[in-house]
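What follows is one structure encoded as structure tokens, with my remarks underneath.
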Amino acid sequence: MGDAAATQARVDAFLAEVTARLRPTLDKSACAGAKLGATGTAVRSLLWKWAGSATHASQLTAQLTIRRKALTSAFSKVEDAGGCATNVDAVRTQVFVDRLVADIVAAFGGSVALSACELRQVAQVAGIAVGAALAPTLIAAEPLYADTAVREFNALTPENVMKWGPIEPTPGVWNFAPADALVDLAAAQGMQVKGHTLVWHSQLPNYINFLTPPAMLRSFMEEHISTLVGHYRGRVFAWDVVNEAVADDGSGLRPTYFFNQLGPGYIADAFRLAHAADPHALLLYNDYNAEFVNSKSDYIYGMVQQLLSDGVPIHGVGLQMHVTANGSPVNQPSLAANIQRFVNLGLVVNISEMDVGIRALMGDQASKLAEQRQIYQDVIAVCRSIVGCHAVTFWGFTDKYSWIDSTFGPDEPLLFDDAYNAKPAYFGVREAFFNSGPFICLAP
Ligand code: G3I
């Protein structure tokens, strides 16, 4: 066996061992304490042992040295916490290990062959969760919708059914069944669930308007968050705790009903209540038009920095990414700088609601779809390049059903067409996950 083949064999063995040891633990949404600590130790010693015996030991050692500090701290953090304090530890560790493995394989010019190459397999190898916003009515009504969703995605977000109005339409009367259907589907199909959303100024029940004085609203907010997060404790991996609380021009907080009644402290309160109801859940702030460095994302950056320094349990930020193609390329450096500054605070970042409208484009259909593909690919490539950008969610997946049609007029913003055929955008996303790197797709 030549050098290259021997190295490839070691890479393959390494991948198999890391996967076998680490993945079963990390795949659990509530981490299994000491077990993860033991796994971390095992993987760490495996890495060093493997470094010592590799054919290209010097190259490998160089790679590992670069990564050593981060790897050690990722595992130590988990171990020091006596296991996995929150899902954020699992996300950080898993993302790190997946990227490490991919980088090592790439550094050796090796390749990993995948026999199933749907988005969920490819994204998993890239260390990124890939999800879609789903509607339980469509899961029940259309087999093709359900089959495509579970085949392609390893995460889901309920598009509407966990919002305050739909899920608690009358005080204390809960309509859990539609959301339960999605959570059950996710459990059966090995998909992570991101809950959406606990506190938002839209899709509220009418009775909200009659909750005065402020103490009354405050107690309803407490009951809402505690009951909802408690109901899904251990089954919902992450929550968009507060949604779209910042003014469009970034000048301050949006004067919502919550802000006007409760003052700015309602945001910290919401995170604390969610954390108390499920201490493992990954807790996120989610907003739109804050994807790039601009006045709104500057404000959000300052806000989460303050929340962190006040000890508020916030773990990440969701950047929605509802974009309309207009002939301009994606400003990748600005997107990367924005994501990185949040990651540098110790947060994780996810692209939370991506769609790419093409209704404003001129030209023939092929060129419109090509531009859409490029935008998807460019955004995912940035996420892929930053350890800490852990998940991407599309706001739907088939052009047959998108909020954009009813809000802005007919469009084709998603990865699959009306007949559930993959569009060029789908292949752009897949290529970005592959990162034209060490993975080969064996499937047709
Ligand atoms: O369920 C009722 C139905 O019973 C009724 O007959 C029908 C009549 O219009 O309305 C149905 O509810 C609609 C619901 O979508 C489900 O289809 C609401 O009117 C409609 O307003 C609602 O729109 C949702 C919108 O949020 C509400 O603001 C969209 O589907 C959903 O995609 C959109 O998602 C938001 C994210 O939550 C936050 N970020 C922006 C994103 C896009 O606006």
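Among T227, T398, a tally of other beta-carbon atoms within 10 Å of each Cβ gives an order, fewest to most, of T227, T398. Can you tell me, using C-alpha contacts under 8 Å and at least 6 residues apart, the relative contact order of the stretch 132-173 as a whole percent? Reported relative contact order: 45 percent. Exposure proxy ranking for M303, M162, based on other Cβ atoms within 10 angstrom of each Cβ and starting from the fewest, stands as M303, M162. The residues neighbouring V242, those whose beta-carbon lies less than 12 Å from its own, together hold a net charge of -2 under the Lys/Arg +1, Asp/Glu -1 convention.
Of all beta bridges that DSSP places with both ends in the stretch 193-301, some 10 percent have antiparallel geometry. Students often get this wrong: which residues of the stretch 278-303 have the backbone nitrogen under 11 Å from the point 7 angstrom along Cα-to-C-beta of W403? Inside the label zone: 287-288. Taking a ≥ b ≥ c as the square roots of the eigenvalues of the Cα gyration tensor, an a/c ratio of 1.5 or more together with a/b larger than b/c marks the stretch 358-444 as prolate.
Over 24 Å between Cα atoms, which of K163/K194; K296/K368; K296/K423 qualify?
Working: K163/K194 12 Å; K296/K368 29 Å; K296/K423 32 Å.
Cα-Cα > 24 Å for K296/K368; K296/K423; rest within.
The Cβ shell under 14 Å around F271 holds other residues with a net charge of -4, Lys and Arg each +1, Asp and Glu each -1.
Taking only the Cα atoms of the stretch 148-243, the radius of gyration and Dmax are 14.0, 49 Å. Taking R0 as 25 Å, what FRET efficiency do you get between A276 and A215 from their Cβ-Cβ distance, rounded to the nearest 0.05? Efficiency for this residue pair is about 0.85.
Other residues with beta-carbon under 15 Å from the beta-carbon of A141 carry, at +1 per Lys or Arg and -1 per Asp or Glu, a net charge of -2. Divided by 2.2 N^0.38 Å, where N counts the residues, the Cα radius of gyration of the stretch 295-444 comes to 1.13.
Dipole check for the stretch 190-299: with +1 at the C-beta of Lys and Arg, -1 at the C-beta of Asp and Glu, and the Cα centre as origin, the magnitude is about 320 Debye. Panel note: the C-alpha atoms of the stretch 212-342, placed on their principal axes, show extents of 48, 33, 29 Å (largest first). For Y207 and A187, a Förster radius of 25 Å and the Cβ-Cβ distance give a FRET efficiency of 0.20, rounded to the nearest 0.05. Exposure proxy ranking for I351, I386, I358, based on other Cβ atoms within 10 angstrom of each Cβ and starting from the fewest, stands as I386, I358, I351. The label point for S295 and the one for T170, both projected 7 Å from the Cα toward the Cβ, are 4.6 nm apart.
Bear in mind that the values in this text are calculations on the coordinates, not laboratory data. What you are looking at is a predicted structure, and each value in this text was computed from that prediction instead of being measured. Cβ sites come from the backbone with ideal geometry, for glycine too, and all protein chains shown count toward neighbours.
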